[in-house]
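K.L.:
Let me begin by handing over the structure; questions about it come next.
The values are calculated or read from the model by the stated rules, or taken from the named source; none is laboratory data. As the structure is a prediction and not an experimental result, all values here were calculated from the model. FYI the Cβ positions are ideal-geometry reconstructions off the backbone, even for glycines, and counts take in every protein chain you see. Remember, those area values only see protein heavy atoms, side chains included, never the ligands or the DNA or RNA. Shrake-Rupley method; radii C 1.70, N 1.55, O 1.52, S 1.80 Å.
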Amino acid sequence: MSTGRVDRDPLEGLDDEQRAAVCAPRGPVCVLAGAGTGKTRAITRRIAQLIRTGHVAPGQVLAVTFTARAAGEMRTRLRDLGIAGIQARTFHAAALRQLRYFWPQVVGDQPWPLLEHKLRLVGQAAQRAGTGTGADDLRDFAGEIEWAKASLVTAADYPAAVAAARRATPVPAAQVAAVYAAYEELKNRNRMLDFDDLLLHTVAALEEHPPVAQEFRDRYRCFVVDEYQDVTPLQQRMLDAWLGARDDLTVVGDANQTIYSFAGATPRFLLDFTRRFPDAVTVRLHRDYRSTPQVVSLANRVISAAAGRPAGARLQLTGQQPAGPRPSFAEHDDEAAEADAVAGAIAELLRHGTPAAEIAVLYRVNAQSEAYERALDAEGIPFQVRGGERFFHRPEVRAAIRGLRAAATGSSSRSPIWDPAVGLGGAARAVLAQQGLTTQPPAGSAARSRWESLRALAELADDLAGSTPDADLGQLVAELDSRAEAAHPPAVQGVTLASLHAAKGLEWDAVFLVGLVDGTLPIQYAEGDQAALEEERRLLYVGVTRARRRLALSWALSRTVGGRRSRRRSRFLHGLVPQDNPPARPR
Ligand code: ATP
Ligand code: MG
């Protein structure tokens, strides 16, 4: 069996519980643990350990997670451990790849194109069904269709399923069902696949075509899932189809970080794992290696108020980092003032040496980013709005990759710009200079952001040269192609602006949680729905636990400057803001 090259000991820097998860023999393993306790570290090391001990070859491992960025992160960490050739992907990317491979066998030569944006088709379906066709209606319908497909609910079953799930529907359930049915029909007639179809068809190929299942299961032997609390029934069905009768599955998750229930995710599979696999090795981790005790204490308090089944699985976290500043709480008159104050505080951090990439501003809904984009712009602070998945679509990035490809194929090492003295980083910079990469960043926000894209590519070349010393431009282009396919952009320098949902699994030295008012967190439509309110509380928990050292929470009483100060601080902060708890006075 060919095994990967392992430079570092996978057991280095693990505590006893993490080591138990990493060293467990092949078979089912479940790591149930709170934020920052090293779950992602443990599964990455487990893969490395299984390979090192010869239990599995790199090509036989399939690691899945929920965002392209997390999958990329896992590949990077594995590469740092000296292991290449692991498939680490999102469920969708894995399904797309498998389906492409098996399609000719199960359907035919004609590939069905992928429907990347479904709103237009949903619009036609809504028209047919005679319902509302406004932009909000269509977004609501699309959300319901996605929830239903992720929950393995057909159009005919939709009304009964929403009733059973006590799910609020935007319009009467029968109308949603009619739009859903029309959408499916139109889509199939046009021979197109939406993202959920990728999984549905992969499941069908494996379940209904024994030779396909056989070939797949010969190839992949070992499965690993990160963030398992957010698996949907459809994803679970695909995982089951991958496994067949086998049980070589490692899952890690934190039920208290379930934040995608609205889209059909459920922590049920995580919480019931040992019931399904009674022989599973189960490990609980409670040491938080990410955050200071001050941040950990706030996180514990946020989640201690939680109710519902996930809350039953929570563990009190113990911070392992040295002490740091207390989390700060600030109230502002209006949103602009809040954004200005945050930008000012960020400028101060930058002046004191915190790198921009180590700072994040996190909010509940994407629309909140605008005020922060403006405020950071005014301070001249570079930032990137998450959703960086579009990185590979940016014109300057496409042009740069074309340039790198041309240089690489020109004549690899004999190419005029290939000079061993400058190495891969130098060779890449020479090409990128033709695209506009200068030593100093240009003035102006748009030019600056183009420049940051090019710099990110140059730094990726440096990283590659660091991990693979003899890498050439051809390998850089191959790395870029594989990242583009997996939608895994390189790190662009700048403060991160992201929604709480997009921040899952990530960490920064300094985190600003902004816009913490009732109606935003919890979001308005969660009002009156206990389960939805609990999910909103978990979102705050996810936000708090992203910070390594500095955490600032803020809110504004009015949306507009001089507006009515009618907003209220988020109810989740009650009892957490220091002045809420004056020290008991001696009588
Ligand atoms: P989340 O729930 O947010 O996904 P997680 O449980 O996956 O968190 P990791 O991201 O794996 O946690 O680890 C959090 C941080 O702690 C990382 O920076 C990681 O490198 C570090 N870490 C994990 N385990 C250890 C350890 N045993 N010793 C030192 N640092 C550790
Ligand atoms: Mg993690």
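K.L.:
So how many residues does the range 21-56 have that are on the phi > 0 side of the Ramachandran plot, away from ligand 2 (no atom under 11 Å from the Cβ) and in contact with a Leu (Cβ under 7 Å, 6 or more places away or on another chain)? Explain how you work it out, then say what you get.
P.N.:
Taking the range 21-56 as the starting set, the residues that turn out to be on the phi > 0 side of the Ramachandran plot are 27, 36, 38, 54.
Still in the list and also away from ligand 2 (no atom under 11 Å from the Cβ): 27, 54.
Going one step further and asking which of them are in contact with a Leu (Cβ under 7 Å, 6 or more places away or on another chain), we end up with none.
The qualifying residues number 0.
K.L.:
Just give me the residues in the range 478-504 being open to solvent by less than 10 Å² (accessible area, probe 1.4 Å) and either of a type in the set (Val, Ile, Thr) or in contact with a Pro (Cβ under 9 Å, 6 or more places away or on another chain) (or both), in sequence order.
P.N.:
480, 494, 495, 496
K.L.:
What single numbered condition from (1) over 19 Å from residue 254 (Cβ atoms); (2) of a type in the set (A, V, I, L, M); (3) within 16 Å of ligand 2 (Cβ to nearest atom); (4) modelled with pLDDT of 85 or more fails to hold for residue 68?
P.N.:
(4)
K.L.:
Go through the range 227-249 and give me each residue that's within 16 Å of ligand 1 (Cβ to nearest atom) and either outside any loop (DSSP other than H, G, I, E, B) or open to solvent by less than 10 Å² (accessible area, probe 1.4 Å) (or both). Before you say what the answer is, go through the steps one by one.
P.N.:
Let us first name the residues in the range 227-249 that are within 16 Å of ligand 1 (Cβ to nearest atom), namely 227-231.
Once the filter is applied, which keeps residues that are within 16 Å of ligand 1 (Cβ to nearest atom) and either outside any loop (DSSP other than H, G, I, E, B) or open to solvent by less than 10 Å² (accessible area, probe 1.4 Å) (or both), the range 227-249 yields 228, 229, 230, 231.
Results for (1) in contact (Cβ under 8 Å) with a residue 40 or more places away in the chain; (2) surrounded by 15 or more Cβ atoms within 10 Å (Cβ to Cβ); (3) touching an Asp or Glu at 6+ places or on another chain (Cβ under 6 Å), shown as yes or no for each residue.
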| residue | (1), (2), (3) |
| --- | --- |
| 350 | no, yes, no |
| 355 | yes, no, no |
| 361 | yes, yes, no |
| 373 | yes, yes, no |
| 378 | no, no, no |
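K.L.:
Further question on the same structure: I'd like the full set of residues that are more than 16 Å from ligand 2 (Cβ to nearest atom) and hydrophobic (A, V, I, L, M, F, W, C), limited to the range 504-534. Outline the logic, then answer.
P.N.:
Keep residues of the range 504-534 that are more than 16 Å from ligand 2 (Cβ to nearest atom), which gives 509-510, 512-534.
510, 512, 513, 514, 516, 517, 521, 523, 526, 531, 532, 533, listed by residue number.
K.L.:
Right, here's the next one. Would a scan of the range 299-315 turn up a residue that is in contact with a strand residue (DSSP E or B) (Cβ under 8 Å, 6 or more places away or on another chain) and farther than 23 Å from residue 516 by Cα?
P.N.:
Yes, that holds for at least one residue.
K.L.:
Go through the range 509-523 and give me each residue that's closer than 21 Å to residue 310 by Cβ and surrounded by fewer than 19 Cβ atoms within 10 Å (Cβ to Cβ). Steps first, please.
P.N.:
In the first step, residues of the range 509-523 are kept if they are closer than 21 Å to residue 310 by Cβ; the result is 513, 521-523.
Scanning the range 509-523 gives a single hit, 523.
K.L.:
Scan the range 313-330 and tell me whether some residue there is under 25 Å from the mean Cα position of the chain (by Cα), outside the structural domain of residue 142 (by TED's automatic domain parsing), in a helix (DSSP H, G or I) and not acidic (Asp, Glu).
P.N.:
no
K.L.:
In this structure, is residue 540 in contact with a Pro (Cβ under 7 Å, 6 or more places away or on another chain), closer than 30 Å to residue 306 by Cβ and part of a helix (DSSP H, G or I)? Full working, then the answer.
P.N.:
Working: in contact with a Pro (Cβ under 7 Å, 6 or more places away or on another chain): no; closer than 30 Å to residue 306 by Cβ: yes; part of a helix (DSSP H, G or I): yes.
No; evaluated as a whole, the condition is false for this residue.
K.L.:
Now for a different question. Looking at 231, 252, 212, can you tell me which residue is away from ligand 2 (no atom under 16 Å from the Cβ) and of a type in the set (Val, Ile, Thr)? Lay out the reasoning, then the answer.
P.N.:
Details: 231 fails: away from ligand 2 (no atom under 16 Å from the Cβ); 252 fails: away from ligand 2 (no atom under 16 Å from the Cβ).
Selected residue: 212, the only one of 231, 252, 212 that is away from ligand 2 (no atom under 16 Å from the Cβ) and of a type in the set (Val, Ile, Thr).
K.L.:
Quick one: which strands (runs of 3 or more DSSP E) sit completely within the range 25-100 and have at least 2 residues that are of a type in the set (A, V, I, L, M) and within 14 Å of ligand 1 (Cβ to nearest atom)?
P.N.:
Here the list reads 29-33.
K.L.:
Now a separate question. Determine which single condition residue 526 fails, assuming it passes every other condition in (1) touching a strand residue (DSSP E or B) at 6+ places or on another chain (Cβ under 8 Å); (2) open to solvent by less than 10 Å² (accessible area, probe 1.4 Å); (3) more than 16 Å from ligand 1 (Cβ to nearest atom).
P.N.:
(1)
K.L.:
Output the number of the condition that residue 76 fails; it satisfies all remaining conditions of (1) hydroxyl-bearing (Ser, Thr, Tyr); (2) over 21 Å from residue 238 (Cα atoms); (3) within 11 Å of ligand 2 (Cβ to nearest atom).
P.N.:
(3)
K.L.:
Among the residues of the range 368-391, which ones are modelled with pLDDT under 80 and not charged (D, E, K, R)? Break it down into steps so the answer makes sense when it comes.
P.N.:
To start, the set of residues in the range 368-391 that are modelled with pLDDT under 80 comprises 386-391.
Once the filter is applied, which keeps residues that are modelled with pLDDT under 80 and not charged (D, E, K, R), the range 368-391 yields 387, 388, 391.
K.L.:
Moving to a separate point now. Scan the range 88-104 for residues that are farther than 16 Å from residue 200 by Cα and open to solvent by 20 Å² or more (accessible area, probe 1.4 Å) and jot them down.
P.N.:
The initial filter retains those residues of the range 88-104 that are farther than 16 Å from residue 200 by Cα, namely 88-89, 104.
89, 104 - these are the residues of the range 88-104 that are farther than 16 Å from residue 200 by Cα and open to solvent by 20 Å² or more (accessible area, probe 1.4 Å).
K.L.:
Mind listing just one residue for me: the one in the range 12-24 that is more than 6 Å from ligand 1 (Cβ to nearest atom) and charged (D, E, K, R) and, of those, most open to solvent (accessible area, probe 1.4 Å)?
P.N.:
16
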